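What follows is one structure encoded as structure tokens, with my remarks underneath.
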Amino acid sequence: MENTAYHHIKISQFEGPLDLLLQLIEAKNMEITVVSLSEVTDQYISCLKDIKEVCSEDLANFLSIISSLILIKSKALLPIIEIDKDILEDADDLARRLEEYRIVKMLGKKIQELDKRGVISFSRLADKKLRSIFYPPRNATANVLYKYFDKIFKEIFVAPLVLPQKELRELIKLEDIIKDLAEKTQNGSIKNFSDFLNKDLSRLEIIVTFLALLHLLKRKIIKAEQCGIFGEIAISKF
Amino acid sequence: MNKIIGNKNIIEALLFFSGEPVDFDKIKKRFKINDNELVEIISELKRDYEGRGVNILEFEDTVEMVTSPDTAEFLSDFVKSELQEDLSQAALETLAIIAYREPVSRAQIDDIRGVNSTFILRNLLIRGLIKRDNNPNDFRSFSYSITLDFIKKLGLKEIKELPEYEKYVRHVTHNK
Amino acid sequence: MNKIIGNKNIIEALLFFSGEPVDFDKIKKRFKINDNELVEIISELKRDYEGRGVNILEFEDTVEMVTSPDTAEFLSDFVKSELQEDLSQAALETLAIIAYREPVSRAQIDDIRGVNSTFILRNLLIRGLIKRDNNPNDFRSFSYSITLDFIKKLGLKEIKELPEYEKYVRHVTHNK
């Protein structure tokens, strides 16, 4: 039920991870607070799943925001767990960044309104009769020109465009992870969250996996129990 | 003809002739006048051109003669200028950050927008709407600020005419 | 604003902007005014600019905004005094691009450099190092090349004698 509700909010094109977050919060007419951040976490993640084209650097930015959101959300879901002071600061910081972004976006819209008036001051076109004075510089010899062009040539004409690797994109197959985690829990092949984590996983991948766990908890597909801070999370079929 | 009037005429001719912003320093040096005299001449010129088809625009210690913004609509048959091109949302956001937070580094812009701004900065640089200088506190990085062309594009007379400028302006210091 | 005043401002802006004589016919057609109205506007403008640094010049059914004759000597001295013996890094870079890629448009130069080159090109033009072939309808489509004077000054017979010229020409794949 909750899932269908998310899809009623139409997200127009967005300029990046903060813009998406801002649009979700504004669609709900909420102020930017830690509470509102926690409320849009699930939507944020479900929107992100639909993004097909995102470069690795932007994806990393999305993931870093997701990780903050998840921490905030975990705190809201499981108020008993002790939350590190750093994490709380992280949450405040996200709210502050989002507020800064909101202001900037709003100012951008105001600049657009000014621009739309089509009211422009033009400089004078260069004088057609511009009288040139031949005044060659000392420091522009054929070799100097060669040196400069060679530098430009190497930078622009030859250097291949370094395209972002696909690795990071592969990483966030949230849906697959959810499916996998659900399956393995259902058939009992894993009993602890750590069983599911591969040793080679990066921090971001662990975050995504934890996210999958939260999703399954919320949908009441699995149960989880944690003994103590930083303790093992035992998971089982709901 | 007294000295002030004479200089005023020549400065007017110079501004007309240059077709680009002229540095205050160059004028002062060349005419051997001090700040007060320069300010007086510029305000006299501004007064002369008030309500006319040509305006005097002051920006960051430079002065330029430009067409008055309200004539733009009628000039568009004759002009084809990059200034007339639309701004994308990415461009608007980035310009807002630079205009209200200048001087600002790329890292700071990226941080506020939450995305990499390399391409949009390049686009704005090519369009002449922003400029970059070496960051005074870090020679490895650049700091960005807006240009006179940006002011001209919006038909403003000065940066303070930006919407809610006083309320939102925050000049960042370079200690990041 | 009444019609005559409005048109006067716009015509003033047009004359300022154009940098060349503008045909009476073009003005009459564009602003839908008759001979009498045009004559009236031009004489008003002439009166506005009487005794100023900028004048309105009528010549064979064209009208032009020009610097006043008594400022000419000063302006040419000023331009000379502004020229520095050495070119800046940015100017050398631009000059190198033009030398190896001529004829090249401003858009292409900007694209290669990643910044706007308007002022630098103007400076190189004034120094007589580059020339441009102009398309009066599109400022952006001017194409730039090195002047013969400067080629000689470099000690070359033609631009192709620049070091490694042939090698780079083969790579004209940058077809933007």
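Where a number appears in this text, it was derived from the coordinates with a stated rule and is not lab data. Predicted model, so just to flag it, every value in this text is computed and none were measured. Note that each Cβ is placed from the backbone with ideal geometry, even for glycine, and that neighbours are counted across all protein chains shown.
Of the peptides C:43-49, A:176-182, the ranking by mean beta-carbon count within 10 Å, highest at the top, reads A:176-182, C:43-49.
B:Asp25 label point (Cα plus 7 Å toward Cβ) to equivalent points in the other copies: 5.0 nm, shortest first. Label-to-label distance for C:Ala90 and A:Glu232 is 6.5 nm, based on points extended 7 Å past Cα in the beta-carbon direction. Helical content alone sets the calculated 222 nm signal of chain B at -13000 deg cm²/dmol, taking -39,500 (n - 2.57) per DSSP H segment of four or more residues and averaging over every residue. Averaged over the residues of peptide C:64-74, the number of Cβ atoms from other protein chains lying within 10 Å of each residue's Cβ is 5.
Each residue of chain B gets 149 Å³ once the volume of the Cα convex hull is shared out per residue. Between amide H atoms placed 1.01 Å from N, distances below 5 Å from A:Ile233 occur with A:Phe193, A:Ser194, all of them 5 or more places distant or on a separate chain.
Ordering A:Leu197, A:Leu217, C:Leu124 from the fewest to the most neighbouring beta carbons within 10 Å gives A:Leu197, A:Leu217, C:Leu124. Distances between placed amide hydrogens fall under 5 Å for C:Thr62 paired with C:Phe24, all partners being 5 or more residues away or on another chain.
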